[in-house]
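Read-outs: derived from the displayed coordinates by stated rules, not from any lab. Note that the structure is a prediction, hence the values are computed from the model and not measured. Here the Cβ positions follow ideal geometry from the backbone for every residue, glycine too, while neighbour counts run over all protein chains shown.
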Amino acid sequence: MEWNYTTQLEGQDVIVFWWFEADEVGIYDSEVKMVLYKGIDVLPILSEETIYELDARSMNEYEANLMEKWA
């Protein structure tokens, strides 16, 4: 599955493109595929730690979005 959302990174708006697999148990095999800042993919210059944080944030944002839809 694919999902994207806008978030803040270093105080700037970026669009995160996130791919993942999901089943009845939960989300697995997730990966940030692209991070756009003003139309430019900045993923190649981000640290592994930042990419890991964005992956975790993506999961939280996606699950929160699902909860809003079901509420």
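For this structure, a couple of remarks:
- Taking GluC sites (Glu not before Pro) as exposed when DSSP calls them loop and at most 14 other C-beta atoms lie within 10 angstrom, the chain has its longest site-free stretch at 25-71.
- 17 Å tail of the calculated P(r), the chain, as % of Cα pairs: 41
- Counting only alpha carbon atoms, the long axis of helix 48-70 and the longest principal axis of the chain meet at about 40°.
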